[in-house]
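Okay, so here's the structure we're looking at.
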Amino acid sequence: MLIHEKYLLKQGDQMIKIKFNLLILLMLIAIIFSSQASAGCGRWVVRENTDYLADPVFDAAFKDQTNRSSENSIEITDPAKTKNESTIPNQRETENFLDISGKWQINLDKAADHLEIILIQSGDRLQGYGSLIKNSTEIPVTAIGNISEKIIYLDANMVVDGTLNKVEKKYELNLAPTQEILVGSYEYFEEKELTEEGNATATKV
């Protein structure tokens, strides 16, 4: 009788182990199927609070492709319109500007102060370099300006070198041709503040 009870207990333990193993197997099968299903969905996932098929990588690729398509597109132009536009000369190229290229001495109201500037002209644009002679001291100067309706607008900026000139200074000149000289006025600025103004006369040397 005792042997029979031990046999039944042993059989019961084996049945429990079989059921437990079967339960684990079913759980593994469920996990495998769920992972395959999620993999099959791909990278584009339907979201409740975002756009459908939202994918930053896909969006970037689509945008790049759109940009390339627009760059490679061919613009169709009207031959007649192109011909008419090509026959119209550039107004600024045909204008005759006063030629003031060369070296100029610009005298200011103060007899001891004057500018010596070499101007280089391109159409209506001016640029140059030179010096401000102030109390027998030469301070390097750069110049930039333009010509408009025979009026010369010129800015002479003193180079800030920390020795001869330590702060931002410049002359703003408005000049007009009169016979062989240029006459007009100037305004003198130190650190963008107007501190002096007067008459100016420029002579080519």
Working carefully through the options THR142, THR163, find the one that is among the β-branched types (Val, Ile, Thr) and at pLDDT below 95. THR163
Filtering region 147-167 down to residues that are out of contact with any Lys or Arg (no Cβ under 7 Å at 6 or more places or on another chain) and either loosely packed, with under 13 Cβ neighbours inside 10 Å or polar (S, T, N, Q) (or both) yields SER148, GLU149, LYS150, ASP161, GLY162, THR163, ASN165, LYS166, VAL167
Which one of these is surrounded by 16 or more Cβ atoms within 10 Å (Cβ to Cβ), part of a strand (DSSP E or B) and small (Gly, Ala, Ser): ALA176, ALA143? ALA143
Here is a check on your reading of the model: is ASN157 free of Cβ contacts under 8 Å to residues at least 24 places away in the same chain and either assigned to a strand (DSSP E or B) or touching a His at 6+ places or on another chain (Cβ under 7 Å) (or both)? yes
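The values are calculated or read from the model by the stated rules, or taken from the named source; none is laboratory data. Keep in mind that what you see is a predicted model, and the values were worked out from it rather than measured. Using ideal geometry, Cβ is built from the backbone for each residue, glycine included, and neighbour counts are taken over all protein chains shown.
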